[in-house]
Amino acid sequence: LARSVQHNAVRQAHRKYEPDFHDKYGNLVLLGGAAVFTVVWGYALTQIGIEWGFSPVGRVTPKEWRE
Amino acid sequence: MLASRAFSLVGKRALSTSICLRAHGHAGVVKAEDFSLPAYVDRRDLPLPEVAFVKDLSAQQKALKEKEKASWTALSIDEKVELYRIKFNETYAEMNKGTNEWKTVLGGVLFFLGLTGLILIWQKRFMYGPVPHTFSDEWVAAQTKRMLDMRMNPVEGISAQWDYEKNEWKK
């Protein structure tokens, strides 16, 4: 076992740790989740007609109301 | 027990041993379960665990342990590392090493929050009724002018944001 270590380029760790689920798929899960979130909520917040009740200030042009 | 003690005094050990054997069932000592023995553990606050990591040494490792009994200057670097690895599982650096678990956690959280958004979309489409007519653009525009005409909240509120001279919102 001591002899085989010399074949290793890295001498500090004589055991290479097998990458776990998070090493292999972590980035994918993170970006995928962020993408799903952005798409779904982007659509929900803007396209389905939810009334947010934004302030008229700077947005609405007042219109005559007296009949 | 007393009988076997008495017999051992007399010297008839064979008989007393067999009495003991029959009393306990086997060897006289209950085999210690693994979990009741001191265990090895990697902990930052426990630098010297109660037992070595490797319990059963290979022939090679046994030879190395013999060599360890002699002068340590005779040991090569690799042998020293091997001795370390017999005694310990992870180094402090390995113990403290972070993981990428947060990516999976955060990604999972965002994904399921996304699914929640789907529920909301379904609700808006199939469950909620129409928004009241007082939210239509014409109504809101007329409503806004009426609020400004009656000087609603003139100190810090909506009328304070309207420039009555220029007839536009203040910049």
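Derivation of every value follows stated rules applied to the coordinates shown; laboratory data play no part. Keep in mind that what you see is a predicted model, and the values were worked out from it rather than measured. As a convention, Cβ positions derive from the backbone with ideal geometry for all residues, glycine included, and neighbour counts pool all protein chains shown.
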Partner chain coverage, peptide B:93-102 - average Cβ within 10 angstrom: 3
B:S58-A:T46 pseudo-label distance in nm [points 7 Å out on the Cα-to-Cβ vector]: 6.1
Residue pairs, from the table A:K63/B:K170; A:K24/B:K87; B:K145/B:K171; A:K63/B:K171; B:K103/B:K124; B:K55/B:K103, whose Cα atoms sit over 26 Å apart: A:K24/B:K87; B:K103/B:K124; B:K55/B:K103
HN-Hα J in Hz across region B:63-68 - Karplus 6.51, -1.76, 1.60, θ = phi - 60°, x for Gly and Pro: 4, 5, 5, 5, 4, 5
Label-point gap, in nm, between A:D20 and B:E168 - each point 7 angstrom along Cα→Cβ: 6.1
